[in-house]
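The values are calculated or read from the model by the stated rules, or taken from the named source; none is laboratory data. It should be emphasised that the depicted structure is a prediction, and the values quoted were computed from it without experimental measurement. Keep in mind that these areas ignore ligands, DNA and RNA; they rest on the heavy atoms of the full protein, side chains included. Shrake-Rupley method; radii C 1.70, N 1.55, O 1.52, S 1.80 Å.
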Amino acid sequence: QEQFVESGGGLVQPGGSLTLSCAVSGIFIRHVDIGWYRQAPGAERILLESSAAGDPSGFMDVTKGRFTTSRDNTKNTVYLRMNGLVPDDTAVYYCNRVPLPTNPAWGLGTHVTVSS
């Protein structure tokens with residue numbers, strides 16, 4: 001079964017940037033779409049954007065141009081670059097397949113807190 005390990009979160013001031021990583025095992029990311037999801041406090045987990053398997057650069061603009069996804073197929077890792085962070089971006093960020101399979105296996109996520 002595939003496994004997802006998210007990392008790179010932390011505390012950042014408004015306007016700051018972070019790059020999250022998603023290390024995938026059990027499947028080859030070049031064969032599937034992997035997306036970034038986030039769950040804000042008190043809210044449901046939602047899909048932000050996916051890194052399309054067929055796109056050689058893997059970049060797709062996300063969230064009003066502030067977020068960008070990318071992938072390194074040699075490392076089987078997907079990234080989320082987040083610029084211009086605002087307090088509403090505070091959440092736990094996860095990665096997983098897009099669309100989600102039945103009974104998806106979730107990683108622990110990585111916490112992002114945007115606060116001054």
Per residue accessible area in Å² of the chain, where ligands, DNA and RNA are left out and the probe is 1.4 Å: 53
Percent antiparallel among DSSP beta bridges with both residues in the chain, to the nearest 5? 90
Counting only protein heavy atoms with a 1.4 Å probe and every protein chain in place, the carbon and sulfur fraction of the accessible surface of the chain in whole percent equals 51
Once phi is turned into ³J(HN,Hα) by the Karplus curve 6.51 cos²θ - 1.76 cosθ + 1.60 with θ = phi - 60°, what whole-Hz value does each residue of the stretch 71-82 show in order, with x for glycine and proline? 8, 10, 5, 5, 9, 6, 10, 10, 10, 10, 8, 10
